[in-house]
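The values are calculated or read from the model by the stated rules, or taken from the named source; none is laboratory data. No experiment lies behind these values; they were computed from the predicted model shown. Ideal geometry is used to build each Cβ from the backbone, glycine not excepted, and the neighbour counts take in all protein chains shown. The protein model used for the area step is the full one, side chains on, heavy atoms only, and it has no ligands, DNA or RNA in it. Shrake-Rupley method; radii C 1.70, N 1.55, O 1.52, S 1.80 Å.
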Amino acid sequence: MSITVTNVSKYYGRQKALNNVSFSLKTGEVVGFLGPNGAGKSTMMRILTGYFNPSEGRVEVCGIDPAVDSITFRRKIGYLPEHNPLYDDMYITEYLYFVAGIYQLRDVKKRVEDIIELTGLTPERDKKIAFLSKGYRQRVGLAQALLPDPEVLILDEPTSGLDPNQIDGIRDLILNLGQSKTVLLSTHIMQEVKAICERAIIINKGNIVADEPLSRLGESI
Ligand code: ADP
Ligand code: ADP
């Protein structure tokens, strides 16, 4: 298993954002985490990436407890948060070298060049981040997440705020990445899950209400 979530609950004060959530992802699976705003998606993504501890329950990603922060874990998990802060004053390549430094990667030049090509950043590569469109900003976020060649990708609403063309580009990219990585993608858009994922976990008000292969999800959704 690449991701195992066992009986996880999370409280913010007295509010329960996740209620006894359990699911798992096998290596190589591409799974949508689907639910309306406020359902608990970002909270789950943040627990999986070690930004929060669960109030109750256990989580393992690539055999590691995310709460025990380590460079080994950071290299195995690529995370694209919903609101990804980027350094606007940096050039794309400068930023990616900076991130590679944080991950203490080797063979950095080749890695950065490969990732620029893989994420479709080549036409914009010499620009400052401040001058990029939202779609290209999101590609920089994906490039950042992919730099250490992680086993698992955790993507929080990766196409939110993009126009239809940009959405198609990002979806194609994720579809391609899903051929070699385990992907958990949070979204409130069913179309997104249909376009990219092989399975959907549906969450509402902190509860898992369905966990099905796409072929078994009703047409009504
Ligand atoms: P989603 O990502 O599905 O929109 P969230 O995980 O952001 O859902 O939120 C789940 C619930 O927890 C919501 O009711 C939200 O208002 C609440 N919540 C999220 N973050 C916090 C926080 N830092 N403090 C208090 N409540 C929060
Ligand atoms: P999301 O968590 O889905 O991205 P927002 O964009 O509304 O939701 O949240 C932005 C920030 O505000 C996040 O850090 C989130 O944890 C926090 N937040 C969300 N809901 C609440 C809340 N009810 N009380 C306090 N903080 C919240």
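From helices alone, the chain scores -9500 deg cm²/dmol at 222 nm; the rule is -39500 (n - 2.57) for each run of n ≥ 4 DSSP H residues, then divide by the residue total.
Modelled this way, with points 7 Å down the Cα-to-C-beta line, the labels at Tyr91 and Tyr11 are 5.2 nm from one another. Less than 5 angstrom separates the built amide H of Leu18 from those of Lys10, all sequence-distant by 5 or more or on a different chain.
Assuming charge only on the beta carbon of Lys and Arg (+1) and of Asp and Glu (-1), the dipole of the chain about its Cα centre is about 420 debye to the nearest 20. Here is the list for region 1-90: chymotrypsin sites (Phe, Trp or Tyr not before Pro) lying in DSSP coil, each with at most 15 other C-beta atoms within 10 angstrom of its C-beta, are Tyr51, Tyr87. Rounded to the nearest 20 debye, the dipole magnitude of region 118-221 is 280 debye, with +1 charges on Lys and Arg beta carbons, -1 on Asp and Glu beta carbons, and the Cα centre as origin.
Computed over protein heavy atoms with a 1.4 Å probe, the carbon and sulfur contribution to the accessible area of the chain reaches 47%.
Of the trypsin sites (Lys or Arg not before Pro) found in region 66-127, those that fall in a DSSP loop while having at most 13 other beta-carbon atoms within 10 Å are Arg106. The angle between the Cα long axis of helix 134-146 and the main principal axis of the chain comes to about 80°, on a 0 to 90 degree scale.
With both labels modelled 7 Å from their Cα along Cα-to-Cβ, the Met190 to Ser70 distance reads 4.3 nm.
Expressed as a fraction of 2.2 N^0.38 Å, the value expected for a compact globular protein of N residues, the C-alpha radius of gyration of region 29-94 is 1.31.
Among Ile64, Gln138, Thr27, whose Cα lies farthest out toward the positive end of the dipole of the chain, if unit charges sit on the beta carbon of Lys, Arg (+1) and Asp, Glu (-1)? It is Ile64. Its residues counted as N, the chain yields a C-alpha radius of gyration over 2.2 N^0.38 Å of 1.00.
Gyration tensor over the Cα atoms of region 9-51: the corresponding equivalent ellipsoid has semi-axes (square roots of 5 times the eigenvalues, largest first) of 21, 12, 10 Å.
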